[in-house]
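The values are calculated or read from the model by the stated rules, or taken from the named source; none is laboratory data. Model, not experiment: these values are computed from the prediction. Positions of Cβ are backbone-derived with ideal geometry, glycine not excepted, and every protein chain shown enters the neighbour counts.
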Amino acid sequence: MGRYSALSLLRGAFNGQSHWRPAWRHPDPKPAYDVVIIGGGGHGLATAYYLATRHGIRNVAVLEKGYIGGGNTGRNTTIVRSNYRQEPLSRMYETSLKLWQTLSDELNYNVMFSPRGALFLGHSDADMIRLAEKGDAMRNQGIDAELLSVDQLRKIEPLLDFSRDARFPIEGGMIQWRGGTARHDAVAWGFARGADAAGVNIIQRCEVTGIVREGNRAVAVETTRGRIAAGTIAICVAGHSGHVAAMAGLKLPVESQTLQAMVTEGVKPMVQTVVMSQSLHCYINQSDKGGIVFGGDPDNWPSYAQRGQPMTLEGAVAQGLALMPSLSRLRMLRCWAGVTDMSFDGAPIIGPTPVDGLWLNGGWCYGGFKATPGSGWLFADSLAHGRPHEIVEPFSLHRFERGAPVDENGVGPMPNHR
Amino acid sequence: MLTIACPHCGPRAQAEFVYERTVDSVVPLDAEPAEAVAALFTRANPRGEDDEIWRHTHGCGGWLVMRRHRVTHAISAIRAIGPETLP
Amino acid sequence: MTELTITVLDAVPMAVLELWGDPAPAAKRLAKALGHALPAAGRAAGPVMRLGPTTWLIEGDHAALAKPLGEGGALTEVGGGYARIRIAGAGWRELLMEGGLFDAESPDFATDCVATTLIEHVTVTLRVESDAACLAYVPASHAGDLLHFWRQARVLVAA
Amino acid sequence: MSGVAREGATIGFTFDGTRYLARPGETLAAALLANGVRLVGRSFKYHRPRGILTAGVEEPNALVTVGRGGRTEPNTRATDLFVYEGLEARSQNRWPGLAFDLGAVFGLASKALPAGFYYKTFFGHARTWLKYEAVIRRAAGLGPAPTEADPDHFSQRALFADVAVIGGGRAGLLAAREALRAGKRVVLIEQDAVLGGGLLRDPREIDGQGSAGWIATVEAELRSGGARILTRTTATGHWDDNMLCLAQKLVEPGQVPGHGFAQRMWHLRAGEVVYATGLIERPIPFANNDRPGVMLSRAVRTYIRRFGVVPGRRVVVATTNDDAYETARALRDAGAEVVAVLDTRPAPAGADSGFAVLNDSVPQAAKGGRRGVKGLSAVIAGAEQHFAADLIAVSGGFSPAVHLHSQAGGALDWDEGARAYKAGAARQAARTVGSAGDPPASGAFRPVGNAKASFLDFQNDVTLADIDLAWREGYRSVEHVKRYTTLGMATDQGKTSNLPALEALAHAGGMTVPEAGITTFRPPYTPVTMGAMAGAAQGEHAVPTRRPALYAVHAAKDPIWLNAGYWKRPRAYPRGSETLAQAGLREARSVRQLVGLTDVSTLAKFEVNGPDAARFLERICATTVAKLAIGRGRYTIMLREDGLVFDDGTVWRLGENRYLLTSSTSGASRMATHISYVRNHLMPEAKVSVICVQEHYAAIAVAGPKSVAVMEQLTGEAPPRHMSASQPTIAGVPVHLLAASFSGERAFEVHFDARHAAAVWQAIDDAVAAAGGCAYGLEAMELLRIEKGHLVIGPDIDGRLSADDLGMGRMLNPAGGYIGHSTLHRPAFAEPGRKQLVGLESVNGDSIPEGAMLVPHLGARAEGHVTGAVRRVLGPGHIALAHLADGRARHGQEIYARSLTRGHTTRVRVVAPHFYDPAGERYRD
């Protein structure tokens, strides 16, 4: 693996950039691996990377039915933050955020993590109290959070609608300056390149069609490229968690739904931070290419189609325009949808399953991207030691039957109410 | 956006309807605890057809069960639920 | 073309009739009292308009229905909760397509047809009065918003 | 005035501040070409000079910013913009100017900036990247960022049709006419300003008429038959069940609309969709094929025949197909010199065309700079040859516009002859007609020019070399190639670059084009403004506003309003210069000492009737109901199926089988759904009628020690005792008088037909005022209810606590049976460490920060938080409600309420959550 650097690019200027080698190999699957990871998204690749580089477990395959990073890794709005109210969530996301800060160097691949601030707007005294509560909870754990007055907000995001006759006037905000965005594809590619260099086999166009059990132990997977035996099987397939787990006879506390997002044509810088709102359901940021990236609520009905309902997106846009009216004449360039595995408390599910040798990392709802390095780090540690890492213990699969949900929004078990 | 054939109103835009839950997640009244926990906290969630409960919330308010494919979104069966009604 | 008018009608008493159990016997008694059958789904007849599977909206005084209803259901006052807005003029169908989801331009949506739908995010029940007018039953709290919307959109009708 | 004087050119417009004239019906591109303007824009990455490549919506190069202020539309295609008087167009992505652009330095450095270069450099801590990024962000982006609110309105409208025809060319007109004649409801959608499509470029006789006459005849028949014809309307998305989004320009971008509406989004539902979407021509990759003066062959023809503008005098035509010969003829007919036709195909292709045809010719490199091309070199049968020219008309073949078909789930079939994908089996009721279904044949060829200067995606500056690099680096899936190189991600969405790039990828991998794969077509077909997507839901109408029946009464008092969800509710009625806090305290004191009235109309309310009403309510409510005597009421809570509390309210027995249930404002629609679900799905056989009467009943609460006297005076009878109900009249209006209290004082809720809201309010207001009291708002209510220890949904009942956590375990119906009972017995519900509701008193008399964390000592982990805090209404001191781990066992402990975000830490004592009249003495008369 040739190292990436400005110097190597400059060298390329004189050799027609002919010296670059593949970022990862395209191997055929071996008959058996110590660990088989199902799903070549960010989480699966990060898990493989940390297994190989931190735990010395290199006989690992990542099986991807399409192309790596083609699922939710490449379909989200690239937001990274750890500003959660519930302590198990903020601890886990903060673990991830710390990894983000040095991830480009770690991987020698610029994932463009841009800590330009994750901003929540408040539109009433009640909103501001809830934001302060969240900020206070974060600060109590040593996570950065800062309350902002309207005057401070004006300096940061001058194009927000600060008028008093706005439908939801802006009363202030809470910002996590260490939050921001990253280049989503680069995260998958960077982890893939690093994992590959450490010996992991990344096998694309290899769909898992069955999970082979001997007694209560999962021992192999059937794939479109043959049977592959595994010491441990780890499911990292986001929206398809339920589908894959069913191959092992499991029913999960998960419902797959569609989440849409869109991007506008590029313009010069106009949105500096990641803008979210306590009362309006949209989130806005501007990509490095200048496109305004827009997301909103999920479609709230079950689907595996990667295809949403246009009026859901229109609703998110309306709310975004309420925050920033000058977006009106920008044009939506592209919209897309991902399949999210909505869990029944809004928090992920990480840990062993009732089937021996089969582990699950899923249920990320629409919050998975920001967790990518942390999820990989914690899941790899859990797999390597054969027990859940202490930080992911609250996210066990059996928390629901125990009655111990981790419910950030307090809306209960119906994912479509979330 | 789907067209949903409301058993009472005929074909209407999906935006008039609200998805409630799957049939397999209905917790019967007086369910045993284990039965209630299983119904509430697990789903078949197939990448194929499933039975879903929707409501024509912004229409007649009636409830319906539809069998719908989760990839094609095609609705293969639909029926009303609720008390006895007149035509 | 006649000018499109948007008028808020005076409030009147209204009640929801809901039948439970086997609805047929009560419906029969009520039909006798009303002089016509309870309207089917999507229809209105006189002061009675079908709302939902088990419900009808009765406009005006409904005291005479309590006795024939008997124990077959209940009448519940709801008149305070609705604003009735009449949209009159040849363009009413076009106006109702603005911000809408329902095919108000369909020729099948004719006099005494009833439909509840979403218009500009508000749940509205429409009753066709004639080819020249439609009555919208709007939740009272949303009426101000919707009136504003219709009055603004009026310039688009046949514009 | 600049440019070229032309007959009929009367419409004044400016480009980069220079004034020109256009003819009616001309696009900006046509008008610029007519006026001799060739350099129109700069590319995204290398800032290369760009001209006009196409004559349609697929244009990647000629992007301008139009309009002023809030109507500014950046990235508008000059080829898809009809000139109007006063149009102001500005070039983009250049500084200081279009001709001399310092950004072109990126072009000079292009050798060191291959595809994906940014992944390979700018390392260091994230904060370091932030600095590089700031520079990159300023250089990136195309048009300027608009800064003003939009002054115009946008419409959204529903549309239904039996047959929707997309495309108003010959095939579309025929399809529409046929459907109309079959008695169908027809809509015909055309993105151009006029019907005709390809006939505008290639007129011919149809049915014995010239094109123009035939188009007019068909249009007239369609219109008179009731078909709807939408021009300047683009079908941007084909969604499930034949739902299409159509974006219509009611005026041109930047133009001031007479009726105030700029654009419309149609939501179309069609029985059948007919795609008559035509073809998109492909460029040919060769070195400097992006220079001004390289133009697609059909675009050249369009400018000549439709607009009467000849874009060059000395022209080389380079083609892979027969169609470009028609362009050569058009050029010759217009008096231009066709230097040569370079045909990639072997002889005898083009042999009988009458032009100087050179077979086996592959263009190699264009000569010339930003002012335009000067010539073209080509490799002809292995030998290089040079041609002087000021225009190079290129045709690399034609790709059907299959975008909508593919969006709708339709299959794509590879057509080897046309070297393009065409529509295969449709998944929805849709079919393809006309040239889109039958693309003309095109020769295959291998590009021969310098790959680093042979552009595929003109706007994003993606070259053949970039595709090759991506492949070599292992980005082999077509999606990886697209994302790594940014190919097809510019504002033209790869309309002209997609197929040439697939050819290049196939070449790099030694595959066929179908083996290389294809990227997904996603909406929109052409970009659509956010304004049109939002429709009327903008500004103060961005989300609905719900006004309670007493809205006008309150408005007359000019209160401080609160957005409570969608509702507008009075927060306080300040007098003189009172602040919110002062007004709230005065109003609350009035309640404590005298009497006050407040609007509680927004409460959720349900009338429950029938022999099974009590049985039904004992499912919904977790408390007993059946034992309630007629005329009595009680406080109740409702559980979710997971056993946690999600709402509270009161239930009243108004008659033998008649109950009124109230619940929270914020949970109203959720409760309505829950009740309906239980009734319809779990208890369909029950003889019960449940009707939501939230809006029917206005409700006024009257609270305070003098409330009994006020009520007695208003009703002329003794008011009911606490938690009892009566049905007197007030101001002649029959009311339900419910003796319930949220404030801790003796109080009544008056529920009545909202049609009489103003009259009843007036009567009560007069009586309250006569007793020395006043109206109070939500601010005072907050002071009162926290002091009394009453909870609200949201902060206190937050969806995470059980009845026991809230101290309400003993209220639960011991017989069970209520929703949520089945899951209450899970182990975690009984484990130590659960958050429990407690009260807090400030030890030093300081205020307690709401939302603050509760810590046993400074620096400790949070063990709970403050849910609501107020000052005491009458006495001194501050109090709060809170959730605290194992809180009930900690009464008497002193801990800290700590807000690090606000720099506010207070010592507090844990107490029971009732600060005022805990024994309820004040409810007794």
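Residue by residue, here is whether (1) among the β-branched types (Val, Ile, Thr); (2) crowded, with 17+ Cβ neighbours inside 10 Å; (3) in contact (Cβ under 8 Å) with a residue 24 or more places away in the chain holds:
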| residue | (1), (2), (3) |
| --- | --- |
| D:ALA328 | no, yes, yes |
| D:ALA334 | no, yes, yes |
| D:VAL338 | yes, yes, no |
| D:THR344 | yes, yes, yes |
| D:ALA347 | no, no, no |
| D:VAL357 | yes, yes, no |
| D:SER361 | no, yes, yes |
| D:GLY368 | no, yes, yes |
| D:ARG371 | no, no, yes |
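Taking the stretch A:295-337 as the range and being under 18 Å from A:VAL274 (Cβ atoms), under 23 Å from the mean Cα position of the chain (by Cα) and of a type outside the set (Asp, Glu) as the test, the residues that pass are A:GLY295, A:GLY296, A:ALA316, A:VAL317, A:GLY320.
Going residue by residue through the stretch A:107-130, is there one that turns out to be touching a residue at least 60 places away in the same chain (Cβ under 8 Å), crowded, with 24+ Cβ neighbours inside 10 Å and polar (S, T, N, Q)? Scanning the stretch A:107-130 turns up at least one residue that is touching a residue at least 60 places away in the same chain (Cβ under 8 Å), crowded, with 24+ Cβ neighbours inside 10 Å and polar (S, T, N, Q). Report whether or not D:GLU894 is among the charged types (D, E, K, R) and more than 47 Å from the chain's Cα centre (by Cα). Answer is yes for this residue.
Can you go through D:ASN35, D:ASN93 and tell me which one is closer than 23 Å to A:ARG331 by Cβ and polar (S, T, N, Q)? Break it down stepwise before answering.
Working: D:ASN35 fails: closer than 23 Å to A:ARG331 by Cβ.
Checking each option against the conditions leaves just D:ASN93.
Considering only the stretch C:1-36, how many residues are facing another protein chain (nearest Cβ under 9 Å) and either at positive phi or not in a strand (DSSP E or B) (or both)? Counting residues in the stretch C:1-36 that are facing another protein chain (nearest Cβ under 9 Å) and either at positive phi or not in a strand (DSSP E or B) (or both) gives 9.
Taking the criterion of being buried (at least 22 other Cβ atoms within 10 Å of the Cβ), under 21 Å from D:ALA537 (Cα atoms), within 12 Å of chain D (Cβ to nearest Cβ) and in contact with a Ser or Thr (Cβ under 7 Å, 6 or more places away or on another chain), would at least one residue in the stretch C:102-114 satisfy it? Yes, the stretch C:102-114 contains at least one residue that is buried (at least 22 other Cβ atoms within 10 Å of the Cβ), under 21 Å from D:ALA537 (Cα atoms), within 12 Å of chain D (Cβ to nearest Cβ) and in contact with a Ser or Thr (Cβ under 7 Å, 6 or more places away or on another chain).
Does the stretch B:14-33 contain any residue that is within 12 Å of chain A (Cβ to nearest Cβ) and more than 30 Å from A:GLY338 (Cβ to Cβ)? Checked against the condition, which is being within 12 Å of chain A (Cβ to nearest Cβ) and more than 30 Å from A:GLY338 (Cβ to Cβ), the stretch B:14-33 yields at least one hit.
So, in the stretch C:120-132, of the ones that are buried (at least 17 other Cβ atoms within 10 Å of the Cβ) and in contact with a Phe, Trp or Tyr (Cβ under 8 Å, 6 or more places away or on another chain), which residue ends up nearest to the other protein chains (Cβ to nearest Cβ)? So that I can check it myself, show each step before the final result.
If we filter the stretch C:120-132 for residues that are buried (at least 17 other Cβ atoms within 10 Å of the Cβ), which is where we start, we get C:120-128.
After this cut, where a residue has to be in contact with a Phe, Trp or Tyr (Cβ under 8 Å, 6 or more places away or on another chain) as well, the list is C:120, C:124-128.
On the way: C:GLU120: 6, C:VAL124: 9, C:THR125: 9, C:LEU126: 11, C:ARG127: 14, C:VAL128: 15 Å.
Only one residue fits best here, namely C:GLU120.
For first residues located in the stretch A:5-24 and in contact (Cβ under 8 Å) with a residue 40 or more places away in the chain and facing chain D (nearest Cβ under 7 Å), partners that are among the charged types (D, E, K, R) and assigned to a loop (DSSP other than H, G, I, E, B) and lie 6+ apart or on another chain with Cβ distances below 6 Å form the pairs A:ALA23/D:GLU473.
Residue-wise test of (1) touching a residue at least 60 places away in the same chain (Cβ under 8 Å); (2) β-branched (Val, Ile, Thr); (3) in a loop (DSSP other than H, G, I, E, B).
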| residue | (1), (2), (3) |
| --- | --- |
| C:TRP56 | no, no, no |
| C:ASP61 | no, no, yes |
| C:LEU65 | no, no, no |
| C:LEU69 | no, no, no |
| C:LEU75 | yes, no, no |
| C:ILE87 | yes, yes, no |
| C:GLY100 | no, no, yes |
| C:THR111 | no, yes, yes |
| C:ALA115 | yes, no, no |
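For the stretch A:20-36, filtered to residues that are among the aromatic types (Phe, Trp, Tyr) and assigned to a loop (DSSP other than H, G, I, E, B), the residue that is surrounded by the most Cβ atoms within 10 Å (Cβ to Cβ) is A:TRP24.
In the stretch B:27-46, the residues that are farther than 19 Å from D:MET683 by Cβ reach residues that are of a type in the set (Val, Ile, Thr) and buried (at least 21 other Cβ atoms within 10 Å of the Cβ) with C-beta atoms within less than 8 angstrom, at least six apart or across chains, in these pairs: B:PRO33/D:THR823; B:VAL37/D:THR823; B:ARG43/A:VAL254; B:ASN45/A:VAL254.
Only one of these is more than 7 Å from every other protein chain (Cβ to nearest Cβ), touching a strand residue (DSSP E or B) at 6+ places or on another chain (Cβ under 7 Å), buried (at least 23 other Cβ atoms within 10 Å of the Cβ) and in contact (Cβ under 8 Å) with a residue 12 or more places away in the chain: A:GLY239, A:GLY290. Name it. Break it down into steps so the answer makes sense when it comes.
Numbers: A:GLY290 fails: more than 7 Å from every other protein chain (Cβ to nearest Cβ).
So the residue among A:GLY239, A:GLY290 that is more than 7 Å from every other protein chain (Cβ to nearest Cβ), touching a strand residue (DSSP E or B) at 6+ places or on another chain (Cβ under 7 Å), buried (at least 23 other Cβ atoms within 10 Å of the Cβ) and in contact (Cβ under 8 Å) with a residue 12 or more places away in the chain is A:GLY239.
Residue count for the stretch C:63-78 under the criterion of being surrounded by 22 or more Cβ atoms within 10 Å (Cβ to Cβ) and either modelled with pLDDT under 95 or within 15 Å of the chain's Cα centre (by Cα) (or both): the result is 1.
Is it fair to say D:PRO146 is in the same structural domain as D:THR54 (by TED's automatic domain parsing) and either part of a strand (DSSP E or B) or at pLDDT below 90 (or both)? When the stated conditions are applied, D:PRO146 does not pass them. When only residues in the stretch D:677-702 that are under 13 Å from B:LEU29 (Cα atoms) and not in a loop (DSSP other than H, G, I, E, B) count, which is nearest to the other protein chains (Cβ to nearest Cβ)? Here the answer is D:ASN680.
Which of the residues belonging to the stretch D:432-479 are assigned to a strand (DSSP E or B), more than 14 Å from chain A (Cβ to nearest Cβ) and aliphatic (A, V, I, L, M)? If you could, list the steps in order and put the result at the bottom.
Initially, the stretch D:432-479 is screened for residues assigned to a strand (DSSP E or B), giving D:432, D:454-457, D:462-463.
Retained after the next criterion (residues that are more than 14 Å from chain A (Cβ to nearest Cβ)): D:432, D:455-456.
Selection gives D:LEU456 alone.
Could you tell me whether any residue of the stretch D:653-663 is within 13 Å of another protein chain (Cβ to nearest Cβ), in a loop (DSSP other than H, G, I, E, B) and farther than 20 Å from C:GLY73 by Cβ? Can you show your working first?
Residues of the stretch D:653-663 that are within 13 Å of another protein chain (Cβ to nearest Cβ), as a first pass: D:654-661.
Retained after the next criterion (residues that are in a loop (DSSP other than H, G, I, E, B)): D:656-657.
From the residues that got through so far, the ones that are farther than 20 Å from C:GLY73 by Cβ too are none.
Checked the stretch D:653-663: no residue is within 13 Å of another protein chain (Cβ to nearest Cβ), in a loop (DSSP other than H, G, I, E, B) and farther than 20 Å from C:GLY73 by Cβ.
Please go through the stretch D:529-549 and pick out each residue that is of a type in the set (A, V, I, L, M) and within 7 Å of chain A (Cβ to nearest Cβ). Hits for the stretch D:529-549 are D:MET530, D:MET533, D:ALA534, D:ALA537, D:ALA542, D:VAL543. Could you say whether any residue in the stretch D:318-325 is closer than 18 Å to D:LEU53 by Cα, touching a Lys or Arg at 6+ places or on another chain (Cβ under 7 Å), outside the structural domain of D:PRO24 (by TED's automatic domain parsing) and assigned to a strand (DSSP E or B)? Within the stretch D:318-325, none of the residues are closer than 18 Å to D:LEU53 by Cα, touching a Lys or Arg at 6+ places or on another chain (Cβ under 7 Å), outside the structural domain of D:PRO24 (by TED's automatic domain parsing) and assigned to a strand (DSSP E or B).
For the stretch D:244-272, the candidate set comprises residues that are in a strand (DSSP E or B) and under 24 Å from D:GLY494 (Cα atoms); within that set, the residue that is nearest to the other protein chains (Cβ to nearest Cβ) is D:CYS245. Per the listing D:VAL57, D:VAL64, D:VAL105, D:VAL83, the residue uniquely surrounded by fewer than 23 Cβ atoms within 10 Å (Cβ to Cβ), touching a Ser or Thr at 6+ places or on another chain (Cβ under 9 Å) and either among the aliphatic types (A, V, I, L, M) or within 14 Å of chain A (Cβ to nearest Cβ) (or both) is D:VAL57. If the condition is being free of Cβ contacts under 8 Å to residues at least 40 places away in the same chain and in a helix (DSSP H, G or I), then the stretch A:377-392 contributes A:SER382, A:HIS385, A:GLU390.
Here are some residues: B:ARG79, B:ARG21, B:ARG12, B:ARG67. Which one is part of a strand (DSSP E or B) and either hydroxyl-bearing (Ser, Thr, Tyr) or free of Cβ contacts under 8 Å to residues at least 24 places away in the same chain (or both)? Let's see the steps before the verdict.
Values: B:ARG79 fails: either hydroxyl-bearing (Ser, Thr, Tyr) or free of Cβ contacts under 8 Å to residues at least 24 places away in the same chain (or both); B:ARG21 fails: either hydroxyl-bearing (Ser, Thr, Tyr) or free of Cβ contacts under 8 Å to residues at least 24 places away in the same chain (or both); B:ARG12 fails: either hydroxyl-bearing (Ser, Thr, Tyr) or free of Cβ contacts under 8 Å to residues at least 24 places away in the same chain (or both).
Of the residues listed, the single one that is part of a strand (DSSP E or B) and either hydroxyl-bearing (Ser, Thr, Tyr) or free of Cβ contacts under 8 Å to residues at least 24 places away in the same chain (or both) is B:ARG67.
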